[in-house]
1. Output the residues belonging to region B:74-86 that are exposed (fewer than 15 other Cβ atoms within 10 Å of the Cβ) and within 13 Å of chain A (Cβ to nearest Cβ).
2. Do any helices (runs of 4 or more DSSP H) entirely within region B:172-289 hold 2 or more residues that are more than 11 Å from chain A (Cβ to nearest Cβ), at pLDDT 95 or above and surrounded by fewer than 23 Cβ atoms within 10 Å (Cβ to Cβ), and if so, which?
3. Within region B:129-141, is even one residue farther than 23 Å from B:Gly31 by Cβ, open to solvent by 10 Å² or more (accessible area, probe 1.4 Å) and outside any loop (DSSP other than H, G, I, E, B)?
4. Of the residues B:Pro89, B:Pro118, which is under 15 Å from the mean Cα position of the chain (by Cα), away from every other protein chain (no Cβ under 14 Å) and within 30 Å of A:Ala278 (Cα to Cα)?
5. Can you tell me which residue is farthest from the other protein chains (Cβ to nearest Cβ) among those in region A:305-318 that are over 15 Å from A:Asp389 (Cβ atoms), open to solvent by less than 40 Å² (accessible area, probe 1.4 Å) and out of contact with any Ser or Thr (no Cβ under 6 Å at 6 or more places or on another chain)?
6. When you scan region A:384-446 for strands (runs of 3 or more DSSP E) that lie fully inside it, which ones turn up with 2 or more residues that are more than 14 Å from every other protein chain (Cβ to nearest Cβ) and open to solvent by 10 Å² or more (accessible area, probe 1.4 Å)?
7. On the basis of being buried (at least 24 other Cβ atoms within 10 Å of the Cβ) and within 19 Å of the chain's Cα centre (by Cα), does A:Cys92 make the cut?
8. Would you confirm whether any residue within region A:283-295 is assigned to a helix (DSSP H, G or I), closer than 24 Å to A:Leu176 by Cβ and either away from every other protein chain (no Cβ under 11 Å) or modelled with pLDDT of 95 or more (or both)?
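The values are calculated or read from the model by the stated rules, or taken from the named source; none is laboratory data. Predicted model only: the values in this text are computed from it and were never measured. Here the Cβ positions follow ideal geometry from the backbone for every residue, glycine too, while neighbour counts run over all protein chains shown. Please note that ligands, DNA and RNA were not included when accessible areas were found on the heavy atoms of the full protein model with its side chains. Shrake-Rupley method; radii C 1.70, N 1.55, O 1.52, S 1.80 Å.
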Amino acid sequence: MTPKEKMAIPPQPMPEQEPSVRARNMGEVALGYTAEQAKAEASRCLQCAAKPCMKGCPVAIDIPGFLAKAAEGDFDGALAVIKKTSLLPAVCGRVCPQEKQCQLHCTVGKIMKDVDKAVAIGRVERYCADNATAPDAECAAKTGCRVAVVGSGPASITCAADCARAGHDVTMFEALHKCGGVLVYGIPEFRLPKEIVRREIEGLEKIGVKIEKNFVVGLTRKLKDLMEKDGFDAVFVGTGAGLPKFMGIEGENLIGVFSANEYLTRANLMKAYDEKRADTPYWHGRRVAVLGGGNVAMDASRMALRLGAEKVYLVYRRSEAEMPARKEEVHHAKEEGVEFLLLQNAKRVLGDEHGAVAGLECLKYELGEPDASGRRSPVPIPGSEFTLDVDTVVVAVGNASNPLVPATTEGLETNRRGNITADPETGATSIPGVFAGGDIVLGAATVILAMGEGRRAAAGINAYLSAKGKDSSK
Amino acid sequence: MNKILEKRRLSDNVFGMTLDAPRIARERKAGQFVIVMVDEEYGERIPLTIADADAVKGTVSIIFQTVGATTMKLAALEQGDSVAALLGPLGRPTSIRGANGEKPGRVVCVGGGIGVAPMHPIAQALKAAGNEVTIIMGARNKSLFVMEDEMRAIAGDRLILVTDDGSSGRKGLVTDPLKEICEAGGVDEVIAIGPPIMMKFCALATKPYGVKTVASLNTIMIDGTGMCGGCRVPVGGETKFVCVDGPEFDAHQVDWDLMMKRMGAFKPQEAAAKEHVCRAGIFNGGAAK
């Protein structure tokens, strides 16, 4: 095919459940390409020699390489290319913000002057991950070294896999009763089916990773005891950004105000939406306000619809252009009927005589000068107060890093935000043999960035163990 | 999975269990709690304070009252069965007077209902640190007292029993002897564990005397590790997470009224779930030993 012919192929739309139907069920929203669609979409790739898309990928997948195979219909071959560098393609194909990463740099999108018309790399990646098979990388000979991985989210999964493949004896510790971290408690079923996460964890067990659930490092066992008493030669800390931030406004502790973490954990991890079978109750909010503009805010507002809310508002103090959420999630939320209240912000939560939410007082904003984040900062308009009639408020304004491991590990340095200080190249922390990566280092970021961190830390751990002469296979 | 090594029925709706949990037994300190799940797929995560532990045998004991669906399902399990998940030890340990360099003194422990169970390891540690320990145990009636012998072993004749109906010990409320003791003077610290309303009134009782008063809170929780914030409660004007900042707080600073309201947030759903468990016959009332 000539470049001209390639450019003539229309972008393949993602088959989706009807908005009005899906807003009331937990099934996956995006249904996935057919083989023909995946082939057609992959054929749109111009196979640029400079491979600009790869620069946008935090784990540098050979994107033109896998698209070339997919264009030929060799999806197994395509998946094999992806798997050389990415561990969780079924997850990343669904949750990566592609329009800010690989697809942002795509030449096709540039020529068409529309990033939405770039090759849908993520969708083809997802098709391959869901429908093809490729052999996993072989594990090296046993080294005799023991590595503890703390947490079981994306950073930890990647680190555990890479360390196991290097021949180390890996144990993964998870505080909750299910593995996957934010992939199971935070991201809803309708966006990332939990079956996919379960398969990924099973894959880890197949390559010999031992899993200890219901084990909170720092309390069930101190990190240093793992090394000094339990014989672990290195530890990776990937405990994530699990501490919900609140707004610090009046009325935030009223009944009916939830952190997005709690709201989503009840529905996702605890399966509260399945009222007949689940013992954990969910809050029957009728009119819900979700505060924030990130993916978590989108997830929470869309979950509210699925939990039976009649009206869901998303209150965000900047404009849509500044929203950190994936474009597709914003689009889906609007389609499903979430009403966006932009350039508005909660001022206080109003309560009734029972201590329950009776309304949300908001304030209107306008955009001022760019702030430290480079985004134009919102400035409140004095006297613009108004009251939203809601009975539920979900706060989704971000998460701080989980303090449990730093607080119980003497000598583990953190910055003023509580993030563990780690070498960006190796993940090494202030304690020899202790490595860290993912949101606990970056602050709340993305799944793919966390994966990249886990991978670098695994390389750091492998080098450390080798240098210490602990690796008996060498 | 943690095996139930022993199950005891302590009163009509109060049960004690000893569970196989060597890691938790090894690390736990007085005042800490565990999260229990009966079923890993659809079960609820409920916090229960550790009543006792044996690091050598590798066991922890819990005491619970059947108040909702999960505690009823838990009560339906027998010796030899297992709970699906047991996470801990969670929360900060009690700051035991006399154990960290300061002088031991006179401490009054107030336990209401099954609040006596979590009080047990704390009272033990206080005694071991050289404090003079007075224990006030309160219940609606005589049949609802738990661990009376264990508490007597710690406090001796400084054990004061109070019942609402006078069926054992004094008739009245735990705050009656508490006020008298504070009035007499010389109390260095009061620790109260029990129903929120009892802890609130203990705080009100000691406040005029300026006696340091600590309460152990048992709010709604999910993860127990600081992730959900469901357990948050205002303490001294600041929002605190009971799971990681507590469970013990300065009782004079806790916003009791708001905390109690928050604890009732899911009452309608909880009542429906309990009703469901009862009708399904999972909890068979008198069959347990």
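1. Result: B:Ser82, single match.
2. Once the helices (runs of 4 or more DSSP H) in region B:172-289 are filtered for at least 2 residues that are more than 11 Å from chain A (Cβ to nearest Cβ), at pLDDT 95 or above and surrounded by fewer than 23 Cβ atoms within 10 Å (Cβ to Cβ), what remains is B:175-184, B:196-206.
3. Of the residues in region B:129-141, the ones farther than 23 Å from B:Gly31 by Cβ are B:140-141.
Keeping just the survivors that are open to solvent by 10 Å² or more (accessible area, probe 1.4 Å) gives B:140-141.
From what's left, outside any loop (DSSP other than H, G, I, E, B): none.
Scanning region B:129-141, I find no residue that is farther than 23 Å from B:Gly31 by Cβ, open to solvent by 10 Å² or more (accessible area, probe 1.4 Å) and outside any loop (DSSP other than H, G, I, E, B), so the answer is no.
4. Details: B:Pro89 fails: away from every other protein chain (no Cβ under 14 Å).
Answer to the check: B:Pro118.
5. A:Arg318
6. On the way: elements: A:386-388, A:392-395, A:434-436.
Qualifying strands (runs of 3 or more DSSP E): A:386-388.
7. Here the answer is yes, as A:Cys92 does meet what is asked.
8. Scanning region A:283-295, I find at least one residue that is assigned to a helix (DSSP H, G or I), closer than 24 Å to A:Leu176 by Cβ and either away from every other protein chain (no Cβ under 11 Å) or modelled with pLDDT of 95 or more (or both), so the answer is yes.
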